[in-house]
Amino acid sequence: MGGFFGAVCNEDVVTDVFFGVDYHSHLGTRRGGMACVSPEVGFQRYIHSIENSPFRTKFEDDITKMSGNACIGCISDTDPQPILIRSNLGVYAISVVGIIRNADALVKQYLTFSGGHFTTMTGGKINMTELVAALINQKSSFAEGIRFAHDLIEGTASILILCEDGAMIAARDKWGRLPMIIGKKTPDAESEMYGYCATFEDFAMLKLGYAFERELGPGEVVRITCDGVEQLSPPNKEKRICAFLWTYYGYPNAVYEGVNVEAMRMKNGEIMAKADREAGVAQDIDYVAGVPDSGVPHAIGYANESHIPYARPFVKYTPTWPRSFMPTNQSMRNKIAKMKQIPVHALIEGKKLLFVDDSIVRGTQIRETVDFLYDNGAKEVHIRSACPPIMFGCKFLNFSRSTSEMELIARRTIQELEGDEGQKHIDEYSDGKTERGKALRRAIAEKFKLTSLDYQSVEGVLEAIGLDPRDVCTYCWTGRD
């Protein structure tokens, strides 16, 4: 995934952007970047790997060398960014969050009609942010160029641009699959600073003294200065915001389209508990627990509704493992995953446990969790997924990136049950009330030696979110845009 934060004010905003970007660290673990501009120095930019060290640690020295009343920064799980571009639209810094599925075709098309070129990385790979910039530069204005890029890109591209004159261009992706929020800072008793910011996560700006101004609509493009926000291109009528923002990606404090993440997750858990009670299953349970971290609020909601005590049968050792650590060696990664989890034997041994996880993708994590619990004496292990079976690799964002859909545990199990014929009945397998749906759940439960397994329904997730279902993307569960 990824996220960004940018600000334009009447005073230096580098520290605002530093802390604003840091509040997006839950959205990516590969790279971070910042770029600012000032009349005296021009553009300044730093990019670092954050795979083994947090964004804040990597950039705390850099910000002492940066200055400017306009600045953007990002967390990127893809290519290094922001990048600096010199073009017919001037010199600017650009950052993009999303995915471009037809990148090879767009590169070939661009090289054919423009006679231009791209900087390549190791292996000949092209930075996708540079590709977006190349598309934008085909037109005579940022608004026209962004619309042109949005129309050509198959996937998703939310764009943040820092111009040489200190203005910022913010564009939400064409279908609004990702959020884009504008905040406003006004002078107060502590500071005379005023201006605006653009952010993925609203709580990042609120902590920095920016008040909510508005969310951009799908495909909307605005120009931001310290004095105001000018609409350059109106929003599109249709929206498909990603449901996984609530079930998995979003930080608990985040609010998307007026719906808080933590509140949605607790309601989602309540809906699952009601479904189990109506079905008369998993009622004799000692403790309900959440798979850390995003599974926890779903589990709290389940426990509150079911009146089964909530507990933490295992915890993460956060003093030395506060974030993901990604060594290149697979055996070392496996070792670290085990080192993070510490059992609370008094809450596991001889107990009947129900765990709620945010999702089940390939099944690797759930297998490790269940083995861990049985190895520490659990009597029964029931698993509930806070979202439906994932049937399709995401083609709009970077979630559930799969080279083959047979990597997905649900699709692989369908193939084992019924072969190619089963792939024609994905809707039935997704629905736990059908015979095929029940068979899928039994088969996966047997694989992992679970006492029971079930998934939230598509309808249940949409009920917990509370938006018009037509405005929410559920592609990874249904295969429908």
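No lab work stands behind these numbers, since they all come straight from the coordinates. Model, not experiment: these values are computed from the prediction. Note: ideal-geometry Cβ built from the backbone for every residue, glycine included; neighbour counts use all protein chains shown.
Per-structure values
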read-out: Whole-Hz couplings from phi, Karplus 6.51/-1.76/1.60, listed for the range 431-448; x for Gly and Pro; value: 7, x, 8, 8, 5, 5, x, 5, 5, 4, 5, 5, 5, 5, 4, 5, 4, 9
read-out: Cα gyration tensor, the range 153-210 - rounded (a/c under 1.5), prolate or oblate; value: oblate
read-out: 0 to 90° range, to nearest 10: angle between helix 295-306 axis and the chain longest Cα axis; value: 50
read-out: For the chain, cysteines whose Cβ has no other cysteine Cβ within reach (under 4.7 Å); value: C9, C74, C163, C197, C226, C242, C387, C394, C473, C476
read-out: Relative exposure of W477, W246, W175, judged by other C-beta atoms within 10 Å (fewest first); value: W175, W477, W246
read-out: Whole-Hz couplings from phi, Karplus 6.51/-1.76/1.60, listed for the range 341-357; x for Gly and Pro; value: 8, 10, x, 9, 4, 5, 9, 10, 4, x, 9, 9, 10, 10, 9, 10, 10
read-out: Euclidean distance of C-alpha centroids, the range 122-189 and the range 342-419, integer Å; value: 36
read-out: Acute angle (nearest 10 degrees) that the helix 364-375 long axis makes with the longest principal axis of the chain, alpha-carbon atoms; value: 40
read-out: Rounded Å value of the spacing that divides the Cα centres of the range 252-316 and the range 40-63; value: 38
read-out: Given charges at Cβ of Lys, Arg, Asp, Glu: the chain dipole, positive-most of I85, T451, V132; value: T451
read-out: Over 26 Å between alpha carbons, listed pairs K340/K449; K65/K174; K352/K438; K316/K438; value: K65/K174; K316/K438
read-out: Relative contact order (percent, whole number), the range 210-291, Cα cutoff 8 Å, 6+ residue spacing; value: 16
read-out: 12 Å beta-carbon shell around L178, net charge (K/R +1, D/E -1); value: +1
read-out: The chain: calculated mean residue ellipticity at 222 nm from DSSP helix runs of at least 4, using -39500 (n - 2.57); value: -9000 deg cm²/dmol
read-out: Cα-based shape type of the range 43-115, given that a ≥ b ≥ c are square roots of the gyration tensor eigenvalues and the cut on a/c is 1.5; value: oblate
read-out: Proxy reagent accessibility, fewest Cβ within 10 Å first, across V344, V458, V381; value: V344, V458, V381
read-out: Dipole-positive endmost among A149, T120, V37 within the chain (Cβ charges, Cα centre); value: T120
read-out: Neighbour-count order for K438, K65, K184, K351, fewest beta carbons within 10 angstrom listed first; value: K65, K438, K184, K351
read-out: Two-site FRET efficiency, R214 against E407, from Cβ-Cβ distance with R₀ of 41 Å, rounded to 0.05; value: 0.55
read-out: Cα-based reach from K185 at 12 Å (exclusive), listing aspartates and glutamates while leaving out same-chain residues under 8 positions away; value: E11, D16, E213, D227
read-out: Separation of the R30 and H117 label points, Cα + 7 Å toward Cβ, nm; value: 2.5
read-out: Global form of the range 116-268, assessed from the alpha-carbon gyration tensor, a/c cut-off 1.5; value: oblate
read-out: Leading residue at positive end of dipole, the range 259-478 (Cβ point charges), from M391, I348, V261; value: I348
read-out: Environment charge of K274, counting only residues whose C-beta is closer than 13 Å and scoring Lys/Arg +1, Asp/Glu -1; value: -4
read-out: On Cα atoms only, tilt of 142-152 relative to the major axis of the chain in degrees; value: 40
